[in-house]
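The values are calculated or read from the model by the stated rules, or taken from the named source; none is laboratory data. As the structure is a prediction and not an experimental result, all values here were calculated from the model. Here the Cβ positions follow ideal geometry from the backbone for every residue, glycine too, while neighbour counts run over all protein chains shown.
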Amino acid sequence: MSSLSAKEKIKMWVDANIRSPFSKLSPQQRLVALSVGACGGLFPIPFATTAVTMLFVLLVGLNAPQTTLAIALNLLVAPIEVAAIPSLARCAGMVTGADTTAFTAAALLGSMSDGVFALLSASFSMLLHAVATWAVVTMCAAAVAHRFGVLTRGSKRDADSPSWKKHTESA
């Protein structure tokens, strides 16, 4: 009886539980999962991105490998999310005419170090403006994806389906 080394056992587990499920996803399924993960992960309220991503997962109807991919990307874009909050807030401030001089990374990081509730109370206006910009951008991206048939309920369908071909040929 041959005994497998720990490295071989890990490799077998990764092949069976990670590579195999993801290799069965079509390019469209990967695109939808990555889009859901990115949009949810860039939600501009720190510590709330996973909940938003899971809401999107439920709305779109992703399968388990797609959900795993979306959550992984959600967590990977966390530094980008935090860095983008002041810029998103300034965009909404320009449209509304609000004073955006306090919308700085230093103010955001200072309030983050005191905890979630301090962050929400100290940076409420900045976060509200950032959420407004994020919502507009996300709705536009979802509308475009829906128009091309990428983002539909039950997006588990295969990229070889007639409806997917119809949308890609007409674009």
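Give me the pairs, please: first residue somewhere in the stretch 1-27 and more than 17 Å from residue 69 (Cβ to Cβ), second residue anywhere and assigned to a helix (DSSP H, G or I), beta-carbon distance under 8 Å, and either six or more positions apart or on two chains.
From residues that are more than 17 Å from residue 69 (Cβ to Cβ), the pairs are 4/12.
Can you go through 96, 133 and tell me which one is out of contact with any Leu (no Cβ under 8 Å at 6 or more places or on another chain) and polar (S, T, N, Q)?
Only one candidate qualifies: 96.
What are the residues in the stretch 38-58 that are in contact (Cβ under 8 Å) with a residue 40 or more places away in the chain and not small (Gly, Ala, Ser), if any?
39, 42, 43, 44, 45, 46, 47, listed by residue number.
Name every residue in the stretch 30-45 that is over 14 Å from residue 56 (Cβ atoms) and crowded, with 21+ Cβ neighbours inside 10 Å, in order of residue number.
44
Test residue 67 against the criterion of being at pLDDT 90 or above, part of a helix (DSSP H, G or I), over 18 Å from residue 142 (Cα atoms) and of a type in the set (Ser, Thr, Tyr), and give yes or no.
Taking the combined requirement at face value, the residue does not satisfy it.
Within the stretch 70-103, can you find the residues that are outside any helix (DSSP H, G or I), out of contact with any helix residue (DSSP H, G or I) (no Cβ under 6 Å at 6 or more places or on another chain) and either surrounded by 13 or more Cβ atoms within 10 Å (Cβ to Cβ) or not acidic (Asp, Glu) (or both)?
97, 98, 101, 102
When you scan the stretch 109-126, do you find a residue that is of a type in the set (D, E, K, R) and at pLDDT 80 or above, even just one? Let's see the steps before the verdict.
We begin by selecting, within the stretch 109-126, every residue of a type in the set (D, E, K, R); these are 114.
From what's left, at pLDDT 80 or above: none.
Checked the stretch 109-126: no residue is of a type in the set (D, E, K, R) and at pLDDT 80 or above.
Answer yes if at least one residue in the stretch 7-29 is among the basic types (Lys, Arg) and either touching an Asp or Glu at 6+ places or on another chain (Cβ under 7 Å) or surrounded by 18 or more Cβ atoms within 10 Å (Cβ to Cβ) (or both), and no otherwise.
Step one: list which residues in the stretch 7-29 are among the basic types (Lys, Arg), which gives 7, 9, 11, 19, 24.
After this cut, where a residue has to be either touching an Asp or Glu at 6+ places or on another chain (Cβ under 7 Å) or surrounded by 18 or more Cβ atoms within 10 Å (Cβ to Cβ) (or both) as well, the list is none.
Scanning the stretch 7-29, I find no residue that is among the basic types (Lys, Arg) and either touching an Asp or Glu at 6+ places or on another chain (Cβ under 7 Å) or surrounded by 18 or more Cβ atoms within 10 Å (Cβ to Cβ) (or both), so the answer is no.
Just wondering, is there one or more residues in the stretch 9-28 that are acidic (Asp, Glu) and under 18 Å from residue 133 (Cβ atoms)?
Taking every residue of the stretch 9-28 in turn, none turns out to be acidic (Asp, Glu) and under 18 Å from residue 133 (Cβ atoms).
Can you name the residue in the stretch 49-102 that is under 30 Å from residue 17 (Cα atoms) and among the polar types (S, T, N, Q) and is also farthest from the chain's Cα centre (by Cα) among such residues? Full working, then the answer.
First, the residues of the stretch 49-102 that are under 30 Å from residue 17 (Cα atoms): 49-81.
Checking which are among the polar types (S, T, N, Q) leaves us with 49-50, 53, 63, 66-68, 74.
Values: 49: 8, 50: 8, 53: 6, 63: 16, 66: 12, 67: 11, 68: 12, 74: 5 Å.
Filtering the stretch 49-102 for residues that are under 30 Å from residue 17 (Cα atoms) and among the polar types (S, T, N, Q), the one farthest from the chain's Cα centre (by Cα) comes out as 63.
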